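A.B. asks: Below: one structure in C-alpha cells.
Laboratory data are not the source of any read-out in this text; all were calculated from the coordinates shown. Just so it is clear, the model here is predicted, and its values are computed rather than measured. We place every Cβ from the backbone using ideal geometry, glycine too, and count neighbours over all the protein chains shown.
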Amino acid sequence: MAIKEVLVPDIGNFDSVDVIDILVKAGDTVAKDDSLITLESDKASMDIPAPFAGTVKEVKIKVGDKAAQGGLILLLDAEEGGSTAQPATEEKPAPAPVAQAAPAAAVPEPTRPAPEPPPTIQPQATPNPIAAHVETAPGKQAHASPSVRKFARELGVNLSLVSASGPKNRIVQSDVQAFVKGELNKQRGGGIASAGGIAVIPAPVIDFSQFGGTEIKALSRIKKLSGANLHRNWVTAPHVTQFDEADITDLEDFRKSMQADAEKRGVKLTMLAFLIKASVNALRTYPNFNASLSPDGEGLILKQYYNVGFACDTPDGLVVPVIRDVNRKDVLEIAAELGELSAKARERKLKVEEMQGGCFTISSLGGIGGTAFTPIINCPEVAILGVSRSSIQPVFNSKTKAFEPRLILPLSLSYDHRVIDGADGARFTSHLRMMLSDVRRLLL
Ligand code: CAO
C-alpha cells in the first residue's frame with residue numbers, strides 16, 4: 001500500500017467549479033472509477049472517478065470549495081498493483097527532524113513526481129430545467145449528479161419523487177436514502193397493512209407563463225424539509241380532528257392580573273404557556289396521547305417524560321421548538337422558555353436538540369385569527385392541538401337563566417386514529433376544557 005494524491009483531472013473548459021458533493025470519506029474503500037466527488041459549473045455537472053482502487057486516507061476538499069484542474073481532492077492508500085493505469089504522486093513525507101536549525105534549503109525536498117494527468121472528464125450537461133421537468137413528469141425537475149442518478153437507478157428510485165436538500169435544489173445521495181427509508185416505512189405502514197400503496201394520477205405540468213407574468217421563488221430549506229415531513233405525516237397517519245371550545249374568561253382575567261408581576265421578572269405571560277401546562281395535565285390523564293407507535297407497529301411506546309413542542313412561524317418557515325419536562329415547570333418558567341425559544345427560532349439560532357424529543361405539539365394561531373383549523377400531526381407524535389382566536393360569545397347560564405358574555409377559546413385536536421379512538425379524542429378535549437375553564441385546577 002502507498003499513499004497517493006488524487007488530483008482534479010482535466011475538466012474541460014472550466015477554470016474553477018463548485019464542489020457540490022463529496023461521495024467518500026476517510027476509511028472508505030473505493031474501486032477504480034468509483035465516483036469520489038461531484039463538481040458543478042453553471043452549465044454542467046461531473047463526477048470525478050477514482051483513478052485507482054484503494055482506501056481513502058484523507059479528504060482534502062469540502063462541499064462549497066472551488067476546484068480547478070490539478071487541485072488536491074484526497075489521499076488514497078492505493079491497493080498493490082492497482083495504480084498502474086493511473087499513476088499518482090506519493091504523499092510528501094514529513095521532513096526528518098534535525099538536531100540543529102538549518103536553512104530550509106538544507107533539508108532535501110523529497111522527490112515529488114508530477115502526477116500523470118488523468119483522463120479528461122466529460123462534463124455531463126445539467127438538464128435544462130424545463131426539459132427535465134417534462135422528462136421527469138409526473139412530479140418535478142430532478143437535479144442530481146451522475147453518481148446520485150446511478151445510485152438511484154440501482155435502487156430503482158424515480159428521482160422526480162425525491163425531495164432535494166442539496167445546493168441549488170440538487171438531490172444528493174442522502175436524499176435518495178431518506179426517500180427509500182420513507183418508502184420502506186410507508187410499506188410497513190406502522191405495522192398496519194397498506195393496501196398496495198396510494199395510487200394518484202400525475203399532477204399536470206402547466207406552463208403558467210402562458211396566462212400571465214410569473215417568477216420563481218426558491219423554497220427555503222426549512223420549507224422544503226417541513227413540507228416533505230408534513231406530506232409524509234398527512235399521508236401516513238389517518239387524521240381525525242376533534243373540535244371543542246373552552247371558556248377562558250377566568251383564566252384570561254388571571255393571566256392579565258399576573259402580567260405585571262411576570263413582566264417585572266422579564267417574562268411575557270402568554271395564553272400559550274397555560275395551554276402547554278393544561279396539555280401536560282391531559283397527557284398524564286390520557287397516556288396514549290403521550291406515546292408513539294413502535295416502528296414495527298406492534299406496540300405503543302408510552303413516554304414517561306412530558307416534552308411539548310410549539311409551532312413557531314419564522315420568516316424562513318415553520319419550526320417546532322420543544323419545551324422539555326413541562327410537568328416539572330410552573331407556568332412562569334414555561335412562559336420564559338417560550339419567549340427564549342421563539343426568539344431563537346426567529347433569529348435562526350435554534351439548536352437541533354432544542355427541536356427534538358417532543359411528545360405533543362401545540363400550534364397556536366390565536367394571535368393571528370381564525371375560528372378552527374385541522375393541524376397536521378407532528379409524527380411520530382400521535383396528536384397535535386390547534387388553537388384559534390378567542391372571542392366573546394353569549395353563553396347561557398342555567399342558574400341565572402340568562403346569556404352571559406364569556407371569552408371562548410376554539411380548540412382543534414388532530415389525532416392519529418391508529419392510536420387514539422374517537423371517544424378518547426373527545427375525552428382529551430373535554431379534559432382540556434375543564435382545565436382551562438378552572439384556573440385553580442390548572443395551577444394545582
Ligand atoms: N386568541 C386571541 N388572542 C390571542 C390568542 C388567542 N388564542 N393567542 C394569543 N393572542 C394574542 C395575545 O394576547 C397577544 O396580544 P397582545 O400583543 O395584545 O398582548 C398576541 O396575540 C400575541 O400573542 P403572544 O405574544 O401570546 O404569542 P403567542 O403565544 O400567541 O404566539 C407563537 C407565540 C410562537 C406560537 C406565535 O408567534 C407563532 O409563531 N404562531 C404561529 C404558529 C403557526 O404558524 N402555526 C401553524 C402551524 S401549521 O399547523
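A.B. asks: Summing Lys, Arg as +1 and Asp, Glu as -1, what charge do residues with Cβ under 9 Å from the Cβ of ILE408 carry, ILE408 excluded?
C.D. replies: Values: positive: ARG406; negative: GLU245, ASP247.
Summing Lys/Arg as +1 and Asp/Glu as -1 gives -1.
A.B. asks: Spelling out what I want: for every residue of the range 282-298, take phi, set θ = phi - 60°, compute 6.51 cos²θ - 1.76 cosθ + 1.60 (Karplus), and round to whole Hz; glycine and proline get x.
C.D. replies: 5, 5, 5, 6, 10, x, 5, 7, 9, 8, 9, 5, 5, x, 7, x, 8
A.B. asks: Among residues other than THR55 whose Cβ falls under 9 Å from its Cβ, what is the net charge (Lys/Arg +1, Asp/Glu -1)?
C.D. replies: Values: positive: LYS57; negative: ASP28, ASP77, GLU79.
With Lys, Arg at +1 and Asp, Glu at -1, the net is -2.
A.B. asks: Same structure, new question: Go through LYS62/LYS181; LYS256/LYS344; LYS181/LYS223; LYS181/LYS344 and tell me which ones have a Cα-Cα distance over 28 Å in this structure. Could you put the intermediate results ahead of the total?
C.D. replies: Working: LYS62/LYS181 26 Å; LYS256/LYS344 25 Å; LYS181/LYS223 21 Å; LYS181/LYS344 31 Å.
Long pairs (Cα-Cα over 28 Å): LYS181/LYS344.
A.B. asks: Further question: Provide the three semi-axes, in whole Å and in decreasing order, of the ellipsoid equivalent to the range 1-81 as defined by the square roots of 5 times the Cα gyration tensor eigenvalues.
C.D. replies: After diagonalising the Cα gyration tensor, the semi-axes are 22, 12, 10 Å.
A.B. asks: Right, another one. Can you give the charge dipole size of the range 2-78 about its Cα centre, rounded to the nearest 20 debye, using +1 on the beta carbon of Lys and Arg and -1 on the beta carbon of Asp and Glu?
C.D. replies: Numbers: 8 positive and 14 negative charges, 45 e Å.
Here the size comes out at about 220 debye.
A.B. asks: Right, here's the next one. Once fully extended, how much extra length lies between THR314 and GLU353, figured as 0.36 nm per residue of separation less the alpha-carbon to alpha-carbon distance?
C.D. replies: Working: separation 39, 0.36 × 39 = 14.04 nm, distance 1.81 nm.
That works out to 12.2 nm of additional length.
A.B. asks: According to the Cα gyration tensor, what semi-axes, each the square root of 5 times an eigenvalue, does the equivalent ellipsoid of the range 221-442 have, listed from largest to smallest in whole Å? The partial results should precede the final answer.
C.D. replies: Working: eigenvalues 148, 98, 54 Å².
Each semi-axis is √(5λ); the values are 27, 22, 16 Å.
A.B. asks: Note the full-extension length gain between LEU72 and LYS264 as 0.36 nm times their separation in residues minus their Cα-Cα distance, in nm to one decimal. Provide the component values of the computation, followed by the final result.
C.D. replies: Working: separation 192, 0.36 × 192 = 69.12 nm, distance 5.92 nm.
Full-extension gain reported as 63.2 nm.
A.B. asks: A further question follows. Out of every Cα pair in the range 140-186, what percent are spaced more than 14 Å from each other?
C.D. replies: Values: 429 of 1081 pairs.
Roughly 40 percent, rounded to a whole number.
A.B. asks: Moving on to the next point. Output ³J(HN,Hα) for the range 422-437: one whole-Hz value per residue in order, computed from phi by the Karplus curve 6.51 cos²θ - 1.76 cosθ + 1.60 with θ = phi - 60°, and x for Gly and Pro.
C.D. replies: Each residue's phi maps through the Karplus curve to give x, 5, 5, x, 5, 5, 4, 5, 5, 5, 4, 3, 5, 4, 6, 8 Hz.
A.B. asks: Check ALA2: other-chain or 5+ apart residues with amide H under 5 Å from its amide H, H built from backbone geometry?
C.D. replies: Here the answer is ALA78, since their amide H atoms fall under 5 Å of that of ALA2.
A.B. asks: Using only the alpha carbons, work out the radius of gyration and Dmax of the range 381-441 in angstrom.
C.D. replies: Values for the range 381-441 (Cα only, Rg and Dmax): 14.3, 44 Å.
A.B. asks: May I pose another question? What does the charge add up to near GLY70, with Lys and Arg as +1, Asp and Glu as -1, over the other residues with Cβ less than 11 Å from its Cβ? Provide the component values of the computation, followed by the final result.
C.D. replies: Details: positive: none; negative: GLU5, ASP10.
So the surrounding residues net to -2.
A.B. asks: Using unit Cβ charges (K, R positive; D, E negative) and no other charged atoms, how large, in debye to the nearest 20, is the dipole of the range 179-330 about its Cα centre?
C.D. replies: Numbers: 19 positive and 17 negative charges, 132 e Å.
The calculation lands at about 640 debye.
A.B. asks: Which of the lysines could a cross-linker bridge to LYS57, judged by Cα under 17 Å and excluding same-chain residues fewer than eight apart?
C.D. replies: Reachable lysines: LYS4, LYS25, LYS32, LYS92.
A.B. asks: Which one of ALA2, PHE52, LEU23 is farthest out on the positive end of the charge dipole of the range 2-78, using unit charges on Cβ (Lys, Arg +1; Asp, Glu -1) and the Cα centre as origin?
C.D. replies: Positive-end residue among those listed: ALA2.
A.B. asks: Calculate the spin-label point distance for THR285 paired with ASP207, positioning each point 7 Å from the Cα along the beta-carbon direction, and give it in nanometres.
C.D. replies: Distance between the two pseudo-spin positions: 6.0 nm.
A.B. asks: Along the Cα→Cβ direction, 7 angstrom out, place labels at SER430 and ASP34. What is the inter-label distance in nm?
C.D. replies: 6.2
A.B. asks: Which ³J(HN,Hα) values in Hz, rounded to whole numbers, follow from the phi angles of the range 438-443 under the Karplus curve 6.51 cos²θ - 1.76 cosθ + 1.60, where θ = phi - 60° and Gly and Pro get x?
C.D. replies: My calculation for the range 438-443 gives 10, 4, 5, 4, 4, 8 Hz in order.
A.B. asks: I've got another one for you. At a 10 Å Cβ-Cβ cut-off, how would you order GLU215, GLU347, fewest neighbours first? Before the final figure, lay out the partial values.
C.D. replies: Values: GLU215 5, GLU347 9.
Listing GLU215, GLU347 from fewest to most nearby Cβ atoms yields GLU215, GLU347.
A.B. asks: Then there's this: Using Cβ contacts closer than 10 Å as the measure, can you line up TYR305, TYR415, TYR286 from fewest to most? Can you show the working numbers first?
C.D. replies: Values: TYR305 12, TYR415 27, TYR286 17.
By the 10 Å Cβ count, ascending, the order reads TYR305, TYR286, TYR415.
A.B. asks: What are the extents of the Cα atoms of the range 249-351 along their three principal axes, in Å, largest first?
C.D. replies: Largest first, the range 249-351 extends 50, 35, 22 Å along its Cα principal axes.
A.B. asks: Between ILE73 and residues 5 or more places away or on another chain, which pairs have amide H atoms under 5 Å apart, with H built 1.01 Å from N, and which residues are they?
C.D. replies: Answer set, sorted by chain and number: VAL6, LEU7, VAL8.
A.B. asks: Under the rule of at least 5 residues apart or a separate chain, name every residue whose amide H is placed under 5 Å from the amide H of THR314.
C.D. replies: Excluding prolines and chain starts, which carry no amide H, the hits are VAL319.
A.B. asks: Among HIS231, HIS143, HIS431, rank each residue by its count of other Cβ atoms within 10 Å, from fewest to most, as a rough exposure measure. Before the final figure, lay out the partial values.
C.D. replies: Values: HIS231 13, HIS143 23, HIS431 20.
Least crowded to most crowded, the residues run HIS231, HIS431, HIS143.
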